[in-house]
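S.K.: The structure that follows is given in the form of structure tokens.
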Amino acid sequence: MKSTAFLLRTLAGCVLLIQCTASTQAQELSWAEKMFDKRTHDFGVVARGADTRYRFVVTNLYKEAVHISNVRTTCGCTAAKPTKHNLASREKAHIEITMNTRKFMRRKDSNLIVTFDQPQYAEVRIPLTAYIRTDVVLEPGGVKFGSVDQGAEKRQTIKINYAGRTDWSIQDVRSRNKHVTYRLTEKSRSTGRVSYELEALLDGSAPAGDFRDQMILVTDDANNPHVPVLVEGRVVADFTVTPAVVSLGTLVPGRQKTISVVLRGKHPFAIEKIECDSSQEAFKVRLPKNVRQVHVVPITVTPPDAAGKFSELFVVTIAGRAEPITFRAYGRIATTTAGN
């Protein structure tokens, strides 16, 4: 009896050890999962041929650099691509998922698998799903404005073809983007087939930058009344600053650091002055004197003694331009220790 009781206690101990080990392994992998803004995505019910894309945001929450070694999906119906593989501390990346709605139909399930090999190995698996309709077809798959000069208008047209009920109709077009308006026109209606044309207008007040929105076609279909349509484009300003967010990294008090900022215009231009918005007097700017389309501006910073977050707003006056352009530089000043 004693030996039996001892054996049972030993087995129970082994089971507990295995459970603890599995739990520890799960916790070791959770560091990678925590970096994703979402752990699953459902595209919903989409039209055939529709441009169906989604971006997962990955943020490096740790001090160590993170490296994405591989990105793949488990079904040919989806494809995935990261915007970058190396992420410094607090840096963000996007992993864009594309669903192939032309080749595949009806319900499709897949998984996004992201593999990390730094700072340690981890694998994150994210379920993906969609239902691709066979009765509604978009040509082309979305409203693509491409690159548009700021202040200019642009029109794009798509066709919506339906096969099913002869009395099927689109009753409304909904969009949250106030800079895009729509005009819907019924083009044809015959036995079991309906065709519409949708014209989208991007107005001249749209701000500079990339945009990606979803417009909704509201139909009289009782089961699936909404047809999502991707709307995207890029409004290009007359002047741009690269990088858009200037990172100073980690700074040491009193130790100079020089970075370069690129100012690019659509035409050659001269920079009259570059000023700092605050009175920190920690920055020195070497002002370009030539007229050119691209200026590389060296900026030297000498950090003050105050540890913590550090930033500065720069105001750039362009010759002949009424309004200045601005950009901001961010960094962190390290804590100094005695003797350093």
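The values are calculated or read from the model by the stated rules, or taken from the named source; none is laboratory data. Remember, it's a predicted structure, so these values are computed and weren't measured experimentally. Backbone-built Cβ (ideal geometry, glycine too); neighbour counts: all protein chains shown.
S.K.: Could you tell me which residue of segment 96-123 is nearest to ALA79 (Cα to Cα), considering only residues that are out of contact with any Phe, Trp or Tyr (no Cβ under 6 Å at 6 or more places or on another chain), basic (Lys, Arg) and not in a loop (DSSP other than H, G, I, E, B)?
M.R.: Across segment 96-123, the extreme among qualifying residues is LYS108.
S.K.: For ASP221, state whether it is at pLDDT 90 or above, assigned to a loop (DSSP other than H, G, I, E, B) and crowded, with 17+ Cβ neighbours inside 10 Å.
M.R.: Here the answer is yes, as ASP221 does meet what is asked.
S.K.: Next question. Being of a type in the set (S, T, N, Q) and surrounded by 13 or more Cβ atoms within 10 Å (Cβ to Cβ) is the filter; apply it to segment 283-335 and report the residue that is farthest from the chain's Cα centre (by Cα). Please lay out each step first, then the result.
M.R.: Within segment 283-335, the first condition is being of a type in the set (S, T, N, Q), and the residues that meet it are 290, 293, 300, 302, 311, 317, 326, 335.
Going one step further and asking which of them are surrounded by 13 or more Cβ atoms within 10 Å (Cβ to Cβ), we end up with 300, 302, 311, 317.
Working: THR300: 31, THR302: 33, SER311: 24, THR317: 31 Å.
Checking each candidate, the answer is THR302.
S.K.: Right, here's the next one. So how many residues does segment 282-315 have that are out of contact with any strand residue (DSSP E or B) (no Cβ under 7 Å at 6 or more places or on another chain) and more than 18 Å from LEU251 (Cα to Cα)?
M.R.: Residues in segment 282-315 being out of contact with any strand residue (DSSP E or B) (no Cβ under 7 Å at 6 or more places or on another chain) and more than 18 Å from LEU251 (Cα to Cα): 2 in total.
S.K.: Let me ask something else about it. Please work out if ASP135 is touching a Gly at 6+ places or on another chain (Cβ under 7 Å), within 22 Å of PHE104 (Cβ to Cβ) and not basic (Lys, Arg).
M.R.: Working: touching a Gly at 6+ places or on another chain (Cβ under 7 Å): yes; within 22 Å of PHE104 (Cβ to Cβ): yes; not basic (Lys, Arg): yes.
In short, yes.
S.K.: If I filter segment 271-281 down to residues being more than 33 Å from the chain's Cα centre (by Cα) and surrounded by 13 or more Cβ atoms within 10 Å (Cβ to Cβ), which single residue comes out as farthest from PRO253 (Cα to Cα)? Reasoning before the result, please.
M.R.: Within segment 271-281, the first condition is being more than 33 Å from the chain's Cα centre (by Cα), and the residues that meet it are 272-273, 279-281.
Checking which are surrounded by 13 or more Cβ atoms within 10 Å (Cβ to Cβ) leaves us with 272, 280.
Working: GLU272: 30, GLN280: 13 Å.
Of everything passing the filter in segment 271-281, GLU272 is farthest from PRO253 (Cα to Cα).
S.K.: Residues in segment 231-249: is at least one acidic (Asp, Glu), touching a Phe, Trp or Tyr at 6+ places or on another chain (Cβ under 8 Å) and at pLDDT 90 or above?
M.R.: Step one: filter segment 231-249 for residues acidic (Asp, Glu), giving 232, 238.
Within this subset, residues satisfying the condition of being touching a Phe, Trp or Tyr at 6+ places or on another chain (Cβ under 8 Å) are 232.
Subset that is at pLDDT 90 or above: 232.
Yes: segment 231-249 contains one or more residues that are acidic (Asp, Glu), touching a Phe, Trp or Tyr at 6+ places or on another chain (Cβ under 8 Å) and at pLDDT 90 or above.
S.K.: Just to be sure before I move on: is ILE95 farther than 30 Å from SER205 by Cβ, out of contact with any Asp or Glu (no Cβ under 6 Å at 6 or more places or on another chain) and outside the structural domain of HIS267 (by TED's automatic domain parsing) in the structure I sent?
M.R.: On the way: farther than 30 Å from SER205 by Cβ: yes; out of contact with any Asp or Glu (no Cβ under 6 Å at 6 or more places or on another chain): yes; outside the structural domain of HIS267 (by TED's automatic domain parsing): yes.
So ILE95 passes the test.
S.K.: Now for a different question. For segment 171-185, give me the residue count where each residue is surrounded by 12 or more Cβ atoms within 10 Å (Cβ to Cβ) and either hydroxyl-bearing (Ser, Thr, Tyr) or touching an Asp or Glu at 6+ places or on another chain (Cβ under 8 Å) (or both).
M.R.: 8
S.K.: It is to be established whether one or more residues within segment 201-223 are farther than 22 Å from VAL45 by Cα and of a type in the set (Lys, Arg).
M.R.: Keep residues of segment 201-223 that are farther than 22 Å from VAL45 by Cα, which gives 201-211.
In the following step, the residues that additionally are of a type in the set (Lys, Arg) were identified as none.
Taking every residue of segment 201-223 in turn, none turns out to be farther than 22 Å from VAL45 by Cα and of a type in the set (Lys, Arg).
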